[in-house]
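This report concerns only the one structure given below.
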Amino acid sequence: MNGLTQDFLDRVRARLADTADALTPAVIAAAVRAESSGVLGDADVLSALRVLHTEMDGAGILDPLLENPQVTDVLVLGDGSAWVDAGQGVERASVRLSDAGAVRRLAQRLALRAGRRLDDAQPWVDGWLQDLGGHGSGVRLHAVLPPIAVDGPCISLRVLRPASHTLGDLASQGSVPTAVLPLLERIVEARLSFLVTGGTGTGKTTLLAALLGRVPHTERIVCVEDAAELAPQHPHLIRLAARAANVEGAGAVELRELVRQALRMRPDRIVVGEVRGAEVIDLLASLNTGHDGSAGTVHANSPKELPARLEALASLGGINSAALHSQLAAALRLVLHVARDRRGTRKLCEIGVLSKTSTGNVEAVTCWSYADGRGPAWGELDGLLRTRGGGS
């Protein structure tokens with residue numbers, strides 16, 4: 001491949017970057033022939049086609065990583081090194097991009113595929129990629145370019161796999177203690193509204209989907225999400241997905257609007273896949289208007305930090321602390337916290353009861369923990385379950 005130089009490949013890439021056509025194999029082949037001007041032999045032309053097609057199709061050499069069912073995150077650094085999280089923390093992958101230029105080109109191509117702009121004037125992008133790596137639920141893209149990224153362009157790809165595990169699946173994987181399964185089933189049966197808390201990648205959505213799978217089939221669930229990730233095994237499930245603005249800044253559909261729409265769809269339970277903004281106000285309002293047993297997830301480091309986290313989110317919608325705690329006390333009953341242990345295994349770590357204090361604020365009191373079993377609020381939870389008909 002004496003004629004197949006980096007300079008030649010860069011010229012072909014530049015030609016392809018200027019075309020408005022879809023980057024099909026035929027378009028790539030035409031660009032290779034145009035730049036070779038008959039100088040390259042057949043073997044070099046075929047080699048160039050293989051290199052460029054791999055680079056231009058899907059996520060290029062990252063596709064095998066995204067197709068691995070264990071991988072939740074694929075991360076690329078400015079030097080071209082690729083890293084994955086397959087449930088045991090971040091590990092170096094066996095593939096790598098050639099250099100910072102290759103990382104930048106891939107980032108810009110993926111941004112374009114997501115309908116976003118990524119260049120020196122707009123050096124970061126956040127978007128969704130549908131069907132990348134064969135994932136119908138999509139892959140979340142984040143990329144950043146220099147000078148914002150000091151050590152070179154970086155790409156972060158978060159794989160959204162349909163969350164369709166059952167509680168039995170989670171118990172067999174060690175994520176939920178078998179002894180706690182009856183308690184979780186009683187919580188769903190008693191229609192106690194709850195939030196699942198935890199950090200990024202701890203299994204919040206997975207646990208939520210498993211719990212929703214235990215909702216009686218006579219009830220109608222409406223799920224609202226940024227991307228359609230929840231896929232509980234339930235026959236009457238309606239999924240609404242938010243939509244970001246297009247490159248012209250039009251067409252956005254916010255989660256908050258979808259929560260309002262969900263209220264008009266005769267839901268028995270409303271679920272917000274991830275509460276991350278002012279939509280918490282509409283969710284709490286819906287829980288106070290007869291939609292018991294509703295649920296959602298929210299980023300929080302522990303159950304005790306949940307009220308403060310919700311305060312911060314509610315403030316985005318102009319609701320002060322006192323008003324938030326007043327609604328929270330009447331709307332939510334429980335918080336289920338998940339985390340990763342030192343080996344990276346995702347686990348249900350704690351269940352807390354949300355109780356009103358003498359000051360009028362709401363606090364989370366532990367009723368069960370993985371480390372200690374029953375906690376100080378166990379009696380309160382048991383009373384709630386008995387009152388609401390959650391078995392015994």
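Derivation of every value follows stated rules applied to the coordinates shown; laboratory data play no part. Predicted model only: the values in this text are computed from it and were never measured. Neighbour counts run over all protein chains shown; Cβ positions are idealised from the backbone, glycine included.
Taking Cα centroids, how far is the stretch 317-341 from the stretch 205-247 in Å?
For the stretch 317-341 versus the stretch 205-247, the Cα centre distance is 20 Å.
Over all directions, what mean area does the Cα convex hull of the stretch 313-353 project, stated in square nanometres?
4.0
Which whole-number percent is the relative contact order of the chain (Cα, under 8 Å, 6+ apart)?
Reported relative contact order: 12 percent.
At q = 0.07 Å⁻¹, what log₁₀ I(q)/I(0) does a Debye calculation on the Cα points of the chain give, no solvent, two decimals?
Normalising to I(0) and taking log10 leaves -0.40.
Name the residue from F194, S47, A377 whose Cα lies farthest towards the positive end of the charge dipole of the chain, charges +1 on Cβ of Lys and Arg and -1 on Cβ of Asp and Glu.
Looking along the dipole axis, the top candidate is A377.
Treat the count of other C-beta atoms within 10 Å as a stand-in for reagent exposure and order H337, H217, H142 from fewest to most.
H217, H142, H337
5 Å is the cut-off here: which amide hydrogens, built 1.01 Å from N in the peptide plane, fall below it relative to W128, excluding neighbours closer than 5 in sequence?
L141
Which value at 222 nm does the chain reach when only helices count, each DSSP H run of 4 or more adding -39,500 (n - 2.57), with the total divided by all residues and rounded to the nearest 500 deg cm²/dmol? Before the final figure, lay out the partial values.
Values: 13 runs with 132 residues, N = 392.
It comes out at -10000 deg cm²/dmol, rounded to the nearest 500.
Would you kindly state how much longer the chain becomes between A86 and S164 on full extension, computed as 0.36 nm times their sequence separation minus their alpha carbon distance, in nm to one decimal? Mind dumping the intermediate values first?
On the way: separation 78, 0.36 × 78 = 28.08 nm, distance 1.81 nm.
Working it through step by step, the gained length comes to 26.3 nm.
If you plug each phi of the stretch 229-243 into the Karplus form 6.51 cos²θ - 1.76 cosθ + 1.60 with θ = phi - 60°, what whole-Hz ³J(HN,Hα) values come out, in order, with x for Gly and Pro?
10, 5, 9, x, 7, 9, x, 10, 10, 10, 10, 10, 10, 5, 9
Can you list which of the trypsin sites (Lys or Arg not before Pro) found in the stretch 198-299 are DSSP loop residues with at most 12 other C-beta atoms within 10 Å?
The qualifying sites are R264.
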